[in-house]
Amino acid sequence: MSGARRKVDDAIDTLRLKLDALPDGIYQPVPGIRVRRAKRSVGTGSRWTAMEPVVARLSVESALDVGANVGYFPVKFAQRGIPSVALEADPKCVRTATTAVRRNGLDNVAVMGLEFRPDTLVLLPTADCTLLLSLWHHLVRELGFDAATDLLRGLWDRSGKVMFFDSGEDEMPESFGLPRMLPTPDVWLTEYLLKTCPGGRVEHLGRHRAFDAAGLPTDRALFAVIREAPDAYEAGVGAGRPGRVEGA
């Protein structure tokens, strides 16, 4: 690409980014995108700080972020040399994530404009690491608890080493249809993840800044569901049976 063409593309991208950020700015402080403010800057950064040691400890070599928003986490993975896929349904976020990937000079990130649904689950690749952050409660509201659980289980089937998870908790209104998380959200979600993700153990990675349905600040628990037998999982993938570990 010529220098003149690159300047024109950059100018168009900058205008589109400004339009797409209206009226509330962008959600994540994605590298390479200059914005006045990112709504979830503090919580996004603290989540990555909690996740990164787990990624290093497990020697993660690939990542899939479902509901990637503007691509903060896939970009951070890619900057560590870990190929990643950003799955996002919102066209504005897809455009911003694509621009962020280009501006960071990354060739190991794919941005997929696709909604996470029961009929699109089969299209998702397997990866060492998957992320489902701040999306599960929306799935419950839109599809119901059972369908959201099936999607979570399907994503776990595609997770070779670890799945990072968080969700709206008791701060969400009744209209979301979330179950009562008793005795506490931390305990309920831990037990739910253990039941839904066979062959996994759950690590609690602290509580991190988020926002409720009205936009007011709150905090949520972040979990790492770690596969106990990744070698058996890899054997299943090699046999064309992703996630179907014998005995799980």
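No lab work stands behind these numbers, since they all come straight from the coordinates. All figures in this text were calculated on a predicted structure; none of them were measured in a lab. Heads up, the Cβs are rebuilt from the backbone with ideal geometry, glycines too, and the neighbour counts pull from every protein chain shown.
Mind listing the phi-derived Karplus ³J(HN,Hα) values for the stretch 116-122, rounded to whole Hz, using 6.51, -1.76 and 1.60 with θ = phi - 60°, and x for any glycine or proline? With coefficients 6.51, -1.76 and 1.60, one gets 7, 9, x, 7, 9, 4, 5 Hz. Close amide H contacts of M112 (hydrogens built in the peptide plane, cut-off under 5 Å, sequence separation of 5 or more or a different chain): A86, L87, E88.
Working from label points 7 Å from Cα in the Cα-to-Cβ sense, the D186 to E228 distance is 2.3 nm. Distance between the 7 Å Cα→Cβ label points at A147 and A56: 4.2 nm. What the phi angles of the stretch 60-67 give under the Karplus curve with 6.51, -1.76 and 1.60, with θ = phi - 60°, is a coupling list of 5, 10, 7, 9, 9, 9, 9, x Hz, glycine and proline written as x. Between R117 and R80, the FRET efficiency from the beta-carbon distance, with R0 = 30 Å, is close to 0.50.
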